[in-house]
């Protein structure tokens with residue numbers, strides 16, 4: 001009996017176990033059926049992400065050309081080492097250091113930055129490595145899980161022109177910029193100055209996407225689905241500039257060893273034909289991986305080579321302001337073209353304001369030709385007493401002085417054309433008077449202008465009274481289409497009259513044919529007009545200025561030159577402009593002796609009594 005009961009219990013236990021196993025497998029297969037069939041659409045992409053990686057593909061940056069289609073800026077191959085932090089074993093940092101030649105601490109710092117950016121996404125670890133280092137990584141990639149490599153592009157400059165300040169340079173994007181620009185990745189380079197920065201959005205292009213299959217080490221082993229899901233990056237747009245590369249090369253050559261700025265622009269449109277700031281820097285050393293020692297040298301150099309003097313160095317314009325003073329005097333009726341002011345060698349107003357010499361009777365055209373200070377002291381005296389300082393300020397503002405001219409590059413400054421609020425702020429209310437203002441009439445005192453501003457104001461004097469918008473880029477080519485940037489068309493200065501402009505231009509023409517510009521600027525086959533200037537410098541040698549245009553009839557080009565601590569503008573700045581006119585009109589420099597003189601130019605020793 002007991003044996004029968006025991007047997008029945010055993011059978012029941014077997015049945016229970018069988019039922020339990022059956023239920024278990026039914027549940028298991030049911031769940032598998034649910035995951036693989038019923039919920040396939042939900043879970044299949046998640047499964048695929050375990051073996052497929054989405055990668056960003058950077059576009060090729062746009063090229064930059066001069067006005068005639070000569071290539072100024074292009075891209076050349078650059079080797080990059082990538083890291084995916086979650087797959088990388090930091091014990092391999094010493095190996096990476098030996099293979100690439102980079103310091104271990106530097107690699108660790110870069111790996112930390114990549115991990116902060118994303119543990120799962122590939123980031124640039126080392127950029128612009130040598131071909132030898134790149135080959136070493138390729139040969140030893142099997143020892144470096146989480147490390148990969150690719151070939152990218154970096155900027156190169158085949159024209160031979162330095163164009164450092166105008167074109168500008170690229171630099172690696174900062175952490176703050178990454179937070180504000182989600183379309184960029186760690187290690188991306190972004191325009192940092194010049195038109196590279198101003199036109200970053202169009203030069204950069206649009207990122208692409210590729211899906212790659214990866215192995216257990218996180219390394220790509222092939223394209224997913226034959227690349228059918230990939231998105232091709234869109235190349236950056238190309239820029240056509242207004243630069244004349246031959247003129248630019250000569251301008252750069254003539255400014256070597258000097259300090260100052262130079263702007264040559266189209267008198268009718270404002271297109272920049274040449275622009276130089278001296279001293280400058282080497283763009284090649286800032287392309288790709290930045291030479292740290294060179295970067296530190298640039299930033300500690302007392303000559304400030306990264307300062308864009310052509311658009312930001314504000315110095316008193318000296319006698320180059322006199323043509324504008326003539327236009328203001330003629331417009332306000334304080335003088336006519338026949339008005340005569342006697343110059344006894346200076347002007348008395350509380351004290352004696354010295355002139356260069358005794359000029360005798362002077363009309364406005366003669367005063368511009370001889371650069372008679374007395375005429376313009378008297379004119380400024382009359383103006384301030386009749387109209388006040390602020391109207392004078394507004395009239396100069398309308399010619400582009402004391403205000404930004406919105407050139408399409410970075411670093412422009414507005415200069416200083418003082419008004420009454422400026423004097424109140426700097427000297428105190430009721431602590432300044434007429435004696436502080438008379439010097440303004442000859443471009444001295446509490447005022448400053450940049451070479452760009454003097455070029456813009458000169459263009460307005462010779463193109464019929466239109467203030468041009470200076471610009472370096474004339475067209476953008478995108479997808480094979482060319483369109484013009486949205487810069488302002490020249491704007492008519494409403495109060496300027498053509499007869500007043502002609503009167504002043506007669507004086508500027510004679511300043512070159514008979515005055516201080518005749519020795520180094522006057523050419524046989526082209527009529528050049530201009531005005532020299534020497535700005536007083538309380539800290540040393542004076543600054544030399546020259547503003548000019550050519551030809552006299554239907555002017556095409558305006559050139560403004562500033563040489564700091566170089567002495568008289570007639571022997572420092574003016575000869576440089578004269579040589580540039582030769583290159584522009586004749587395609588060559590004919591006066592080799594003048595070029596040799598300027599290449600070896602050394603200012604005369606400073607004489608404080610001069």
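Nothing in this text is a laboratory measurement; each read-out follows from the coordinates by a stated rule. Source: prediction; values computed, not measured. Ideal geometry is used to build each Cβ from the backbone, glycine not excepted, and the neighbour counts take in all protein chains shown.
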* To do: Could you work out the Rg to Rh ratio of the range 487-610, with Rh taken as the Kirkwood radius (inverse of the mean 1/r over all Cα pairs)?
  => 1.02
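What does the convex hull of the Cα atoms of the range 260-376 come to per residue, in Å³, rounded to a whole number? Can you show the working numbers first?
Working: hull volume 19.1 nm³, N = 117.
Taking the convex hull of the Cα positions in the range 260-376, it is 163 Å³ per residue.
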* Could you give the semi-axes, largest first, of the ellipsoid that matches the range 188-277, computed as the square roots of 5 times the alpha carbon gyration tensor eigenvalues and rounded to whole Å? -> 45, 16, 10
* Asked: Which order do 327, 245, 416 fall in if you start with the one that has the fewest other Cβ atoms within 10 Å?
  -> 416, 245, 327
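Please work out how much length the chain gains when fully extended from residue 358 to residue 175, using 0.36 nm per residue of separation minus the C-alpha to C-alpha distance, in nm with one decimal. Can you show the working numbers first?
Values: separation 183, 0.36 × 183 = 65.88 nm, distance 6.45 nm.
Result: 59.4 nm gained on full extension.
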* Structure fact -> Here the alpha-carbon Rg of the range 113-214 over 2.2 N^0.38 Å rounds to 1.26
* Structure fact -> Here the Cα Rg-to-2.2 N^0.38 Å ratio for the range 399-544 is 1.29
* For the range 461-524 versus the range 58-100, the gap between their alpha-carbon centres in whole angstrom -> 43
* **Average projection area in nm² (convex hull over Cα atoms of the range 157-236, one quarter of hull surface)** => 7.8
* Structure fact -> Given 254-264, 123-133, the highest-first ranking by average Cβ count within 10 Å works out to 254-264, 123-133
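What 222 nm value per residue comes from the helices of the chain, counting each DSSP H run with n ≥ 4 as -39,500 (n - 2.57) and dividing by all residues, nearest 500 deg cm²/dmol? Before the final figure, lay out each step's value.
Details: 22 runs with 220 residues, N = 610.
Theoretical 222 nm ellipticity from helices: -10500 deg cm²/dmol.
Can you give me the relative contact order of the range 184-304 as a percent, contacts being Cα pairs under 8 Å and 6 or more apart? Walk me through the intermediate numbers first.
Numbers: 127 pairs, mean separation 19.1, N = 121.
Averaging sequence separation for qualifying contacts and normalising by length gives 16 percent for the range 184-304.
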* Structure fact -> Mean 1/r over distinct Cα pairs of the chain, inverted to a Kirkwood Rh in Å, yields 28.6
* At 0.36 nm per residue, minus the direct Cα-Cα distance, what do residue 70 and residue 349 gain on full extension? Give it in nm, one decimal, please. => 94.7 nm
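Over the range 252-319, what is the relative contact order in whole percent, taking alpha-carbon pairs under 8 Å and six or more residues apart? Don't skip to the end; give the middle numbers.
Values: 73 pairs, mean separation 21.9, N = 68.
It comes to 32 percent, rounded to a whole number.
Kirkwood hydrodynamic radius (Cα pairs, Å) of the range 326-468? Could the numbers behind the result be given before it?
On the way: mean 1/r = 0.0619 Å⁻¹.
Result for the range 326-468, one decimal place: 16.2 Å.
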* Distance-filtered residues of the range 172-213 - backbone nitrogen under 13 Å, label point 7 angstrom along residue 477 Cα→Cβ -> none
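Please compute the contact order of the chain in relative form: average sequence separation of alpha-carbon pairs under 8 Å and at least six residues apart, divided by the residue count, as a percent.
Working: 1262 pairs, mean separation 80.0, N = 610.
Reported as a whole number, the value is 13 percent.
Give the shape of the range 369-410 as rounded, prolate or oblate, defined through the alpha-carbon gyration tensor: a ≥ b ≥ c are the square roots of its eigenvalues, a/c under 1.5 means rounded, and otherwise the shape is prolate if a/b is larger than b/c and oblate if not. Don't skip to the end; give the middle numbers.
Numbers: a/c = 4.77, a/b = 1.71, b/c = 2.79.
Oblate, since a/c reaches 1.5 and b/c is not below a/b.
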* Asked: How big is the range 272-319 in terms of Cα radius of gyration and Dmax, in angstroms?
  -> 13.5, 46
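Show me 190-199, 406-415, 488-497, 113-122 ranked by packing, highest mean number of other Cβ atoms within 10 Å first. Kindly include the intermediate steps, with their values, before the conclusion.
On the way: 190-199: 21.3, 406-415: 19.4, 488-497: 13.7, 113-122: 16.3.
Packing order, densest peptide first, comes out as 190-199, 406-415, 113-122, 488-497.
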* To do: Mind pulling the angle between the C-alpha long axis of helix 322-332 and the longest principal axis of the chain? Nearest 10 degrees, somewhere in 0 to 90.
  => 70
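Any chance you could run the full-extension gain for residue 231 through residue 106? It's 0.36 nm times the residue separation minus the Cα-Cα distance, nm to one decimal. Intermediate values should be presented prior to the final figure.
Values: separation 125, 0.36 × 125 = 45.00 nm, distance 3.39 nm.
Extending this stretch completely gives an extra 41.6 nm.
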* **Label-to-label distance, nm, for residues given as residue 213 and residue 524 (7 Å Cα→Cβ offset)** => 7.8
* Asked: Hey, with R₀ at 51 Å, roughly what FRET efficiency would residue 514 and residue 299 work out to, going by the Cβ-Cβ distance, to 0.05?
  -> 0.60
